1. Looking at L85, L58, which one is over 23 Å from H20 (Cα atoms), surrounded by 17 or more Cβ atoms within 10 Å (Cβ to Cβ) and within 16 Å of the ligand (Cβ to nearest atom)?
2. So which of E154, E149 is within 14 Å of the chain's Cα centre (by Cα), closer than 22 Å to K76 by Cα and in contact (Cβ under 8 Å) with a residue 24 or more places away in the chain?
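Read-outs throughout are calculated quantities, based only on the coordinates presented, and are distinct from any laboratory measurement. Bear in mind that the values here come from a model prediction, so they are computed numbers and not experimental data. Cβ placement follows ideal geometry from the backbone for every residue including glycine, while neighbour counts extend to all protein chains displayed.
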Amino acid sequence: MHPPLGFAKSVPMKLPILIHPDPRLKKVAAEIVDSSDELRQLGKDMLETMYMAPGIGLAGPQVAVSKRIIALDCQKADEEPARPLIMLNPKVLSSSEELNTYEEGCLSIPDQYADVTRPAEVDVEWMDLDGTLQREGFDGLWATCVQHEIDHLEGKLFLDYLKPLKRQMITRKMIKLKKERARDEA
Ligand code: NI
């Protein structure tokens, strides 16, 4: 996810981030069997890419890795110490009935934001990079972000929560952006 406000222009990234529309963003990502050095390196690279973007969450499919891995850190940079988290096979075990609306953005949909309503609190289980099962309750921006990133593993974008007209409008802008970027690189 993008932070709620502000975004950086194309800066060099550790890993290239796929831009919507892209069929690789629509695929269901594969379960991870166990942790490995390769995965640890990927986790490190994903966090670095996310911080550089800058973003607060990034999912495997966004860097063309169709595996169930997400990176996130939703701490407010100026108020709290960083809390980089890598989750393997994250799963929402339960969600609150109470809902919360946040203006969401996505590193695969640069500079576009829209209100999305999701459960306000979620209980999440995941495997960490040491292969240990973790479980934690999240609320606030953390809850929104972890649900947004888990959606990516299902091939789902925050655009899928919007009305068709708004979704089409944003998709058209992204097609244009991709054309411009391709032209700049040529
Ligand atoms: Ni996203």
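1. Working: L58 fails: over 23 Å from H20 (Cα atoms).
Every option except L85 fails the conditions.
2. On the way: E154 fails: closer than 22 Å to K76 by Cα.
When all the criteria are applied, what remains is E149.
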